[in-house]
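Enquirer: The structure under discussion is supplied below as structure tokens; questions concerning it will follow.
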Amino acid sequence: MRRMRRSLGVETVLEVMGSVLGVEADERLNRRAEEKFIRHMAMELCYRYCSLCQRDLGKIFEVDHSTIRNRSRLKGKLPGDKKMQRPLGEIEQQIDYLSKRKAKL
């Protein structure tokens, strides 16, 4: 079950990712092979925090909505990838903070 949060914009989520991971906006949306994990992370985080349907996220990331539905690949890879667990946790922490702050406004 998804926790209720105040929704954030896609740009906000991508900016937080960029500041934590040190990547530019075009890298977060890029389809190149070496950036796929960052792109999958962006899809997952936008799905969790932006209150957009899969079809709308698919348009943003230029993929079919079924690709967004199959984002569970990220969850499957994370337990074994300690290098990405810390940054993802930091990203989620910052996004949660922004979401709660926005809810108070």
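Read-outs throughout are calculated quantities, based only on the coordinates presented, and are distinct from any laboratory measurement. Remember, it's a predicted structure, so these values are computed and weren't measured experimentally. In this analysis, Cβ positions are derived from the backbone assuming ideal geometry, glycine residues included, and neighbour counts consider all displayed protein chains.
Enquirer: How far apart, in nanometres, would the label points at ARG55 and LYS36 be if each is projected 7 angstrom from Cα along the Cα-to-Cβ direction?
Expert: 2.8
Enquirer: For segment 8-24, take each phi angle, set θ = phi - 60°, evaluate the Karplus expression 6.51 cos²θ - 1.76 cosθ + 1.60, and give the result in whole Hz per residue in order, putting x for glycine and proline.
Expert: Karplus values, whole Hz, x for Gly and Pro: 10, x, 4, 4, 4, 4, 5, 5, 4, 4, x, 5, 6, 8, x, 10, 7.
Enquirer: For CYS50, which sequence-distant residues (separation of 5 or more, or a different chain) have an amide H within less than 5 Å of its own amide H, given hydrogens modelled in the peptide plane?
Expert: When sequence neighbours closer than 5 places are left aside, the close amide H contacts are LEU8.
Enquirer: Please give, to one decimal in nm, the separation of the simple spin-label points placed at GLU24 and GLN93, each 7 Å out from Cα toward the Cβ.
Expert: Result: 2.9 nm between the two label points.
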